[in-house]
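Below is one structure; the comments refer to it alone.
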Amino acid sequence: MVVYFTGTGNSKFAADVLAEKLEDECFSLNEAIKNSRSLKLQSEKPYVIVAPIHAGCYPLIVVKNIKNAEFGGNKRVYFVSTMGAPSKMGGGFYEKLALSKGLDFGGYCGVVMQNNFLPGDTMPEKTKADEMLFDVFPELEKIAEKIKSGKSITVNEGAKPDAFMAGLMGKLFGTFAGKFMKMKVDDRCDGCGICAEYCPVNNIELVSGKAAMKNKCVTCFSCINRCPPEAINVMGKTEKSGRFICPDYKEWKEKHSQRL
Ligand SMILES: Cc1cc2nc3c(=O)[nH]c(=O)nc-3n(C[C@H](O)[C@H](O)[C@H](O)COP(=O)(O)O)c2cc1C
Ligand code: SF4
Ligand code: SF4
């Protein structure tokens with residue numbers, strides 16, 4: 001079972017590719033969290049967790065949900081992250097996480113995709129975002145092959161000492177980022193509700209036809225990137241930075257069927 005969490009679709013894209021290659025099913029953590037469903041997972045195939053990196057680690061909400069989940073059936077687990085820049089950090093953290101759940105650690109690797117952290121990066125044109133996926137796709141195929149043959153997917157050995165650092169950074173960032181990175185909605189909001197529909201933690205409600213933020217944001221950056229009139233901004237740095245949503249894998253594959 002491929003279990004994923006996503007803000008702007010990169011991790012869903014990766015999860016969809018892996019699930020197809022492994023002939024397995026996908027499970028959306030976004031939906032489970034949004035609907036307050038407890039995680040009683042059951043799978044005869046190994047578990048593959050896919051999530052973005054937020055400040056060097058999986059988002060705290062993902063870690064918490066994995067810690068609380070029940071993993072029935074197969075006892076092997078692999079961790080894949082999507083990230084904006086190559087990093088060697090984290091392998092030891094995921095190994096500890098697997099062991100804490102009594103699971104057999106199949107390894108950890110990161111796949112570099114478009115950085116969705118708007119204050120820190122310029123967003124690409126749609127066609128460029130599409131093109132980037134041609135580099136990502138074969139990497140994901142290789143990861144699926146390793147998983148299929150029962151090999152470890154760890155590419156960066158010796159990451160154990162950073163287990164503490166990755167965990168600490170993830171915890172600090174997950175606890176405080178939502179408090180200092182406030183999503184601000186401006187007058188361009190037309191009340192379409194897309195941001196609220198996608199928010200994994202129901203942090204957005206429509207009040208008098210406008211989006212209003214509550215106080216439990218997990219900084220997934222979904223709303224800011226999905227808002228059609230670009231009415232959501234953060235830290236006063238995103239007004240001119242463009243927006244990014246990863247294409248849906250099935251649509252991307254159909255569109256480029258002749259090249260794949
Ligand atoms: C709040 C936040 C923090 C991030 N921190 C990092 C980071 O420390 N290192 C990195 O390589 N990418 C970082 N990124 C980029 C994302 O990990 C990357 O774009 C990821 O593929 C997004 O996946 P998603 O579309 O499934 O949400 C960050 C993104 C956000 C929104
Ligand atoms: S997506 Fe944008 S326009 Fe639509 S409700 Fe949210 S803030 Fe308003
Ligand atoms: S309000 Fe926060 S948690 Fe909700 S979609 Fe926006 S960035 Fe993500």
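The values are calculated or read from the model by the stated rules, or taken from the named source; none is laboratory data. As the structure is a computational prediction, the values presented were derived from the model and not from experiment. Every residue, glycine as well, gets a Cβ built from its backbone with ideal geometry; the counts of neighbours run over all protein chains shown.
Some points to look at:
- The set of residues in segment 202-215 being in a loop (DSSP other than H, G, I, E, B) and either more than 15 Å from ligand 1 (Cβ to nearest atom) or at positive phi (or both) consists of Asn202, Ser208, Gly209, Lys214, Asn215.
- Residue list for segment 1-41, restricted to those being closer than 18 Å to Ile61 by Cβ, surrounded by 19 or more Cβ atoms within 10 Å (Cβ to Cβ) and of a type in the set (D, E, K, R): Lys12
- Boolean, Gly178 is closer than 28 Å to Val17 by Cα, within 16 Å of ligand 1 (Cβ to nearest atom), surrounded by 13 or more Cβ atoms within 10 Å (Cβ to Cβ) and at pLDDT below 95: no
- Among (1) touching a residue at least 12 places away in the same chain (Cβ under 8 Å); (2) more than 16 Å from ligand 2 (Cβ to nearest atom), the one test that Asn203 misses: (2)
- Taking segment 62-82 as the range and being touching a residue at least 24 places away in the same chain (Cβ under 8 Å), within 16 Å of ligand 3 (Cβ to nearest atom) and not β-branched (Val, Ile, Thr) as the test, only Asn65 passes.
- Some residue of segment 164-171 being farther than 30 Å from Glu139 by Cα and under 19 Å from the mean Cα position of the chain (by Cα): no
- Number of the exception - Trp252 against (1) buried (at least 16 other Cβ atoms within 10 Å of the Cβ); (2) of a type in the set (A, V, I, L, M, F, W, C); (3) within 16 Å of ligand 3 (Cβ to nearest atom): (3)
- Whichever residue in segment 39-61 is in contact (Cβ under 8 Å) with a residue 60 or more places away in the chain and closer than 25 Å to Glu20 by Cβ and, among such residues, is farthest from ligand 1 (Cβ to nearest atom): Pro46
- Pro228 meets each of the listed conditions (1) without any contact (Cβ under 8 Å) to a residue 40 or more places away in the chain; (2) buried (at least 21 other Cβ atoms within 10 Å of the Cβ); (3) not in a helix (DSSP H, G or I) apart from (2).
- Scanning segment 237-260 for residues that are among the basic types (Lys, Arg), assigned to a loop (DSSP other than H, G, I, E, B) and touching a residue at least 12 places away in the same chain (Cβ under 8 Å) gives Lys237, Arg243, Arg259.
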